[in-house]
Amino acid sequence: MTADHLHETPPRPFQFRLSHLLLGMAIVAVALAVIVPLVRSARQQAREGNCRNNLRQIAIALHNYHDNYRQFPPAYHVDATGKPAHSWRVAIMPFAEKSSFGLDYSFAEPWDGPNNSRMKWSQDNRIFRCPAGNDPPGMTNYVAITGQGTMWPGARSADIADLKDGTSNTIMIVEIAHSDIHWMEPRDLPIEELAEWLDPAHKPRLLAGHIEGGFVAYADGAVEMLSREVAIERLQALATIAGNDNGPAKGVRE
């Protein structure tokens, strides 16, 4: 054995140091900073896609109803006393894809009557709920804008010929968040309350289902994301059927 081998330093065992911990934490932090936004973005896009598809299905059901009756359903059907008893959402269920709801619903009693109340938590309400929301079971995220000058004047029905602005310039359904409206309930958004429902403190809140705003469905079946910053005058014009609109709101119509 040579002198050099006698003085050779043996290899030192690995020792975990604070610097190693900090390095590992830094690597994990960087990875999370990249991965988490991607996961959130993918989930957001999936929820938006499902929400958009719900509105498409609702629009198709409304047009199927129109094809059958030559008119859209009224915002609500009334009972013998003139009180709203049944929602347009219930009326279109026989025309919705893969729905058997209408077979059990009774128009002989109000929506919350003894027989119909047993159906209030039916899974058939899935097309009326946005997957991004966390509202109580049975609540709807999709409502009509009702009132004079809209395509939902109340107990009276409208047809396509009534839409003087054209189907592409008339909003049919809007999305809300923090809903307190049961999907079977004959209650929607009065046009006089549009500005009030856009207020962040109002519940339900209009166009608040997603980060950038909420979806609307036009009478031609197109669905568009509208920002909560949309001008109230523009929204009112799109909600009416003869408002001399200058084309749909800016956005991606699909």
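A few comments on the model shown:
- Single unsatisfied condition, Pro186 versus (1) surrounded by 22 or more Cβ atoms within 10 Å (Cβ to Cβ); (2) closer than 17 Å to Val223 by Cβ: (2)
- Restricting attention to segment 202-217, the residues that are within 16 Å of Ala144 (Cβ to Cβ) and part of a strand (DSSP E or B) add up to 5.
- Residue match in segment 135-153 (condition: in contact with a strand residue (DSSP E or B) (Cβ under 8 Å, 6 or more places away or on another chain), surrounded by 19 or more Cβ atoms within 10 Å (Cβ to Cβ), part of a helix (DSSP H, G or I) and at pLDDT 95 or above): no
- Considering residues of segment 45-90 that are part of a helix (DSSP H, G or I), open to solvent by less than 10 Å² (accessible area, probe 1.4 Å) and not aromatic (Phe, Trp, Tyr) only, the residue farthest from Glu185 (Cα to Cα): Cys51
- Failed condition for Ala132, given (1) under 16 Å from Leu235 (Cβ atoms); (2) open to solvent by 20 Å² or more (accessible area, probe 1.4 Å); (3) touching a helix residue (DSSP H, G or I) at 6+ places or on another chain (Cβ under 8 Å); (4) touching a residue at least 60 places away in the same chain (Cβ under 8 Å): (1)
The values are calculated or read from the model by the stated rules, or taken from the named source; none is laboratory data. This one's a predicted model, so the numbers in the text were calculated from it and none came from an experiment. With ideal geometry, Cβ positions are generated from the backbone for all residues, glycine too; neighbour counts draw on all protein chains shown. Note: areas computed on protein heavy atoms with side chains; ligands, DNA, RNA excluded. Shrake-Rupley method; radii C 1.70, N 1.55, O 1.52, S 1.80 Å.
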